[in-house]
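In what follows, a structure is listed as structure tokens, so that the remarks can point back to it.
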Amino acid sequence: MRWAVVLLLASSCLDLNPRGEFCGDDEGEARTGLTWHTDIAPLMARKCMSCHRAGGNAPMELTTFTQVDALKTVVRDAVETRRMPPWPPAPCCAEYENPAALTTEERRLMLSWIDDGASEGTVAAAPMVPERAVLDANVTLTMPEAYTPVATFNAEDTRCFLLETGFTETQYVTGIDIKPGVRDQMHHSLVLTVASSDVKKLQDLDAESAEPGWSCPGGLLGSIKSGLGGSFFEPQRFEGKGFRVDPGDRVVLTMHYSLPASGGFKSDVTSVELKTQTEAVTPIVTLSVYNPSWLVGGMPIPENAPSTRFSWADAPGRLAGAATFDLHAVNLHMHERGKKGGVWILREDGTRECLLQINAWDHAWQGDYRFASSIRLKPRDRLLVDCEFDNTASKQRVIGGVPQSPRWLNWGEDQEMCVGFVTATLVTE
């Protein structure tokens, strides 16, 4: 019987322990003769100045040659390591809507200009910094009380706030934006919905805290009805599609505060703007992929181990009655010990299609990445998540100014986890 099982598995070509296939980037060729006014200022206006300007949420202004020249070593390092602009997805993986990252050519321009002496060139008119888009919202949800962040981990604070919608009938959210109370201390934020059945336990968390909201660096896995998106760069719109929010559901605003360069934290009251309608649209669902055994001790991360890797694949279509989905956005979720990871489609024929690859994981920069065009997931295709962790001293939390010592971890300990989330719509044709 044992050999019959082995032969059956071999004949089906089922990969029982699939791994992601990480792609590499084309570095491009160096350039010479570049100048600030002709080549670099227009590029930075498109990709950098919306945050690095007066009133922006970046810690320094980078709108003039003098400002950039004074910090060119810092700028070069940020571009070389791909830390800035803050867009974690590897460019070799998939095509996304409105990517903030520098293209291969733009990255090469920046590095070449600095390496070639950072010439100012002929003075020209100041570059036009594009205005931030405006959402035609009809609903505004605001934090019920002001909250002053407390720097507990790497001068950061992650806090969740439960927002009452007031909806008396089912609404479909077709657009979202965030209006921070204090922009320069908001690192980023995420907005989720929770079903009425999960509201009580979140109300209890809120009530147990002496301050407004509750600390939530680990997120809300298990309580999420849908993820509406985040506030990285621009408002998000879901043309012809929407997230269903029923009466009794709540919205959770997750604020990741980071200590601003100007000094201490200030009292904050942030709002969420929504565009909603009662007319039904194609409902958006969130597919998640992780190994259920990880939740019960099956994801051990040894202390001081620089590389521990976990992967898992499953077919949402199999669980939904041979369903077909169109995929619209992707998200990978780990925490501080995350090192590298991604989400792929493992096609029925064994080939892999990359949805998201993050080569240098940073828990502070994570969000939803919308595909330039939808991707079809067939019933027998599987979603594959692959996470690598680093549990050495350099990746530990800092509590009260004291770095913690590495220790054995498992799922949920220090909120560590490995989950792929994919935003999708069910294909009914």
Residue separation times 0.36 nm, minus the C-alpha to C-alpha distance between A70 and A372: what's the value? 105.1 nm
Give me the number: length gained by fully extending A133 to A78, i.e. 0.36 nm times residue separation minus the C-alpha to C-alpha distance, one decimal in nm. 17.2 nm
Amide H neighbours of T158 under 5 Å, counting only residues 5+ apart in sequence or on other chains, H built in-plane at 1.01 Å? C216, Y257
A195: net charge of surrounding residues, Cβ under 13 Å, Lys/Arg +1, Asp/Glu -1, itself excluded? +2
For E208, what charge total do you get from the other residues with a beta carbon under 15 Å from its beta carbon, if Lys and Arg give +1 and Asp and Glu give -1? 0
What residue among P59, L109, V79 has its Cα farthest toward the positive end of the dipole of the stretch 36-115, where the charges are +1 on Lys, Arg and -1 on Asp, Glu, each on the Cβ? P59
Toy charge model, Lys and Arg Cβ at +1, Asp and Glu Cβ at -1: the chain dipole around Cα centroid in debye, rounded to 20, equals 600 debye
Filtered hits (aspartates and glutamates, Cα-Cα < 13 Å from K395, offset >= 8 within chain) -> E303, E336, D362, D414, E416
Work out how much length T142 to Q203 would gain on full extension: take 0.36 nm times their residue separation and subtract the Cα-Cα distance, in nm to one decimal. 20.3 nm
Quick one: what does P(r) look like for the stretch 280-373 with 5 Å bins over all Cα pairs, in whole %? 2, 10, 18, 22, 21, 14, 8, 3, 1, 0, 0
Debye intensity ratio I(q)/I(0), log10, the chain, q values 0.07, 0.10, 0.14 Å⁻¹ (C-alpha model): -0.37, -0.77, -1.48
Can you spot the lysines whose alpha carbon is less than 28 Å from K275's alpha carbon? Ignore those fewer than 8 places along the same chain. K47, K179, K200, K201, K225, K241
Most to least packed among 419-426, 376-383 [average Cβ atoms within 10 Å]: 419-426, 376-383
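Each reported figure results from applying straightforward, stated rules to the coordinates on display, with no laboratory input. If you're wondering where the values come from, they're calculated on a predicted model, not measured in any experiment. Positions of Cβ are backbone-derived with ideal geometry, glycine not excepted, and every protein chain shown enters the neighbour counts.
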